[in-house]
Amino acid sequence: MLISQRLKAVAESVTVGNRVADVGCDHAYISIYLIENNISPFVIAMDVNKGPLERAKTNIAQRGYSNHIDVRLSDGLHKMKAGEADTILIAGMGGALTMKILEEGAEAVKKSKELVLQAQSELHLVRKYIHQIGFHIRNEQMLKEDGKYYVIIKAVPSEKTEQYEREVFYQYGKLLLEQRDPLVRDYLAKEKRLRLQVLDQLAENPSEQTKERQKEIEQELDYIEEGFAYFNG
């Protein structure tokens, strides 16, 4: 089936042969792709909304995959037992919700072999949370689709609690910076432009409140310049 570049990249981040929990599956496009392309032998497709889940059931049945994809009405990982899935996949949600799902499904997370996460926001907090729960960030991938930038993180359990030595690694991804992908440089340039525009706007209405915000943005710009250093060598 035809799916977006983002969803395809998320699906293909899964280790071949793993059973997958597709959290927030929507219409089950990722779940179907995983089965159709022999990436996973079994998927648990879960969503908290009945409407999309009914559509997911229809899509799955039409392709004859009902024996390979178990559809469940579930808020996060609540309807999945620990050990039922090797990969926990969460794509297209905000960072705060992604972390909430992982926290509330902690037992299932502990029993999993990997996390595949594509959060839409607060990536620096998601990276920190991954380390806090004892996982190692094995890979990061950035892609651009319809003018938007997306990051896919793959993490595996670690024997020791890890921590990046520099904040910029949490802000923009240690592996992404080390890979020196030109797309990451373009993303940093976009982030810099946006923050400079905000500084210009704040300068027009100076106040104690705007001064605090200016400090925050200047710190963010410092992180961006640290990131650029990886591309200037």
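The values are calculated or read from the model by the stated rules, or taken from the named source; none is laboratory data. Predicted, not measured: the structure shown is a model, and the values here were computed from it. Don't worry about glycine lacking a Cβ; one is built from the backbone with ideal geometry, like all the others, and counts go over all protein chains shown. Side chains are part of the model used for accessible areas, which takes the heavy atoms of the whole protein and leaves out ligands, DNA and RNA. Shrake-Rupley method; radii C 1.70, N 1.55, O 1.52, S 1.80 Å.
Laid out as a table, the results:
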read-out: Protection proxy ranking, peptides 105-115, 25-35, average beta carbon neighbours within 10 Å, highest first; value: 25-35, 105-115
read-out: Dipole magnitude (debye, nearest 20) for the chain, charges at Cβ of Lys, Arg, Asp, Glu; value: 660
read-out: Accessible area (Å², per residue) of the stretch 179-233, counting only protein heavy atoms and a probe of 1.4 Å; value: 69
read-out: All lysines inside 23 Å of Lys160 as judged from Cα atoms, apart from same-chain residues fewer than 8 positions distant; value: Lys100, Lys110, Lys111, Lys113, Lys128, Lys174
read-out: Using θ = phi - 60° and Karplus 6.51 cos²θ - 1.76 cosθ + 1.60, couplings along the stretch 152-157 (whole Hz; Gly, Pro as x); value: 10, 10, 10, 10, 10, x
read-out: Alpha-carbon centroids, the stretch 22-53 and the stretch 186-204: separation in whole Å; value: 38
read-out: Mean projected area (nm²) of the alpha-carbon convex hull when the stretch 107-233 is viewed from all directions; value: 9.6
read-out: Heavy-atom surface of the stretch 81-154, accessible at 1.4 Å and reported per residue (Å²); value: 43
read-out: Residue-span extension gain [Gln132 to Glu178] - 0.36 nm each, minus C-alpha spacing; value: 14.4 nm
read-out: Solvent-accessible area, 1.4 Å probe, carbon plus sulfur percent, for the chain; value: 46
read-out: Kyte-Doolittle mean at least -1.0 and Cα axial length at least 20 Å: DSSP H helices in the chain; value: 182-204
read-out: Prolate/oblate/rounded label for the stretch 39-97 (Cα gyration tensor, a/c 1.5); value: oblate
read-out: CD proxy at 222 nm, helix term only [per DSSP H run n ≥ 4: -39500 (n - 2.57); per residue of the chain; nearest 500]; value: -14500 deg cm²/dmol
read-out: Label corresponding to semi-axes √(5λ) of the Cα gyration tensor in Å when calculated from the structure given, among (i) 26, 23, 16; (ii) 35, 19, 17; (iii) 44, 18, 17; value: (ii)
read-out: Gyration tensor (Cα) of the stretch 1-64, equivalent ellipsoid semi-axes in angstrom; value: 18, 12, 12
read-out: Lysines with Cα under 16 Å of Lys8, excluding same-chain neighbours fewer than 8 positions away; value: Lys144, Lys148, Lys154
read-out: Cα-based shape type of the stretch 154-207, given that a ≥ b ≥ c are square roots of the gyration tensor eigenvalues and the cut on a/c is 1.5; value: oblate
read-out: Most to least packed among 204-211, 90-97 [average Cβ atoms within 10 Å]; value: 90-97, 204-211
